[in-house]
Amino acid sequence: MLAAMDLGYREEQPDRAEVDALPGASLLVFGTNWCGYCRAAQRPLETALAGYPDVRVIKVEDGPGRPLGRSYRVKLWPSLIFLRDGQEVGRLIRPNKAAPIAEALGEIDPQP
């Protein structure tokens with residue numbers, strides 16, 4: 001049942017300094033477990049990530065007053081922030097297909 005599905009968005013979140021210090025390829029996914037757009041993006045996200053096992057994925061529950069989301073100026077969910085060595089390389093808002101996600105993942109973690 002979709003309404004009960006746990007998408008893995010967690011209330012606890014790293015602070016911005018921790019994220020900025022992350023080595024390698026990382027993906028921040030801002031959203032909520034109850035968001036319809038977030039639920040719709042789950043399957044394309046899983047499909048794209050299957051080809052990038054080395055990418056660190058941090059799913060953060062976002063909302064008013066949440067400092068990490070505000071530091072990235074997140075306004076819509078899901079917002080995917082693609083990072084290389086803690087620096088933003090790309091961003092997708094409300095993706096609904098795996099191809100653009102995989103393309104952005106390729107920018108932060110080129111696979112052979």
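The figures follow:
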read-out: Qualifying positions in the range 63-79 - surrounded by 15 or more Cβ atoms within 10 Å (Cβ to Cβ) and in contact (Cβ under 8 Å) with a residue 40 or more places away in the chain; value: ARG66, LEU68, TYR72, VAL74, TRP77, PRO78, SER79
read-out: Residue count for the range 80-91, restricted to those that are crowded, with 20+ Cβ neighbours inside 10 Å and farther than 15 Å from ARG16 by Cβ; value: 2
read-out: The range 69-112, residues that are of a type in the set (S, T, N, Q) and closer than 15 Å to ILE58 by Cα; value: SER79, GLN87
read-out: Residue list for the range 58-90, restricted to those being charged (D, E, K, R) and out of contact with any helix residue (DSSP H, G or I) (no Cβ under 8 Å at 6 or more places or on another chain); value: LYS59, GLU61, ARG66, ARG70, ARG73, LYS75, ASP85, GLU88
read-out: Candidates ALA25, ALA41, ALA104, filtered to the one that is at pLDDT 95 or above, surrounded by 14 or more Cβ atoms within 10 Å (Cβ to Cβ) and closer than 20 Å to LEU7 by Cα; value: ALA41
read-out: Leading residue by the ranking (nearest to GLU88 (Cα to Cα)) among those in the range 50-62 that are surrounded by fewer than 17 Cβ atoms within 10 Å (Cβ to Cβ) and among the hydrophobic types (A, V, I, L, M, F, W, C); value: VAL57
read-out: Residue under evaluation ALA50, criteria (1) under 22 Å from ILE108 (Cα atoms); (2) in contact (Cβ under 8 Å) with a residue 12 or more places away in the chain; (3) out of contact with any strand residue (DSSP E or B) (no Cβ under 8 Å at 6 or more places or on another chain); (4) aliphatic (A, V, I, L, M), criterion not met; value: (2)
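The values are calculated or read from the model by the stated rules, or taken from the named source; none is laboratory data. The shown structure was predicted, so the numbers you read here are calculated from the model rather than taken from an experiment. So basically every Cβ, Gly included, is an ideal-geometry build from the backbone, and we count neighbours across all protein chains shown.
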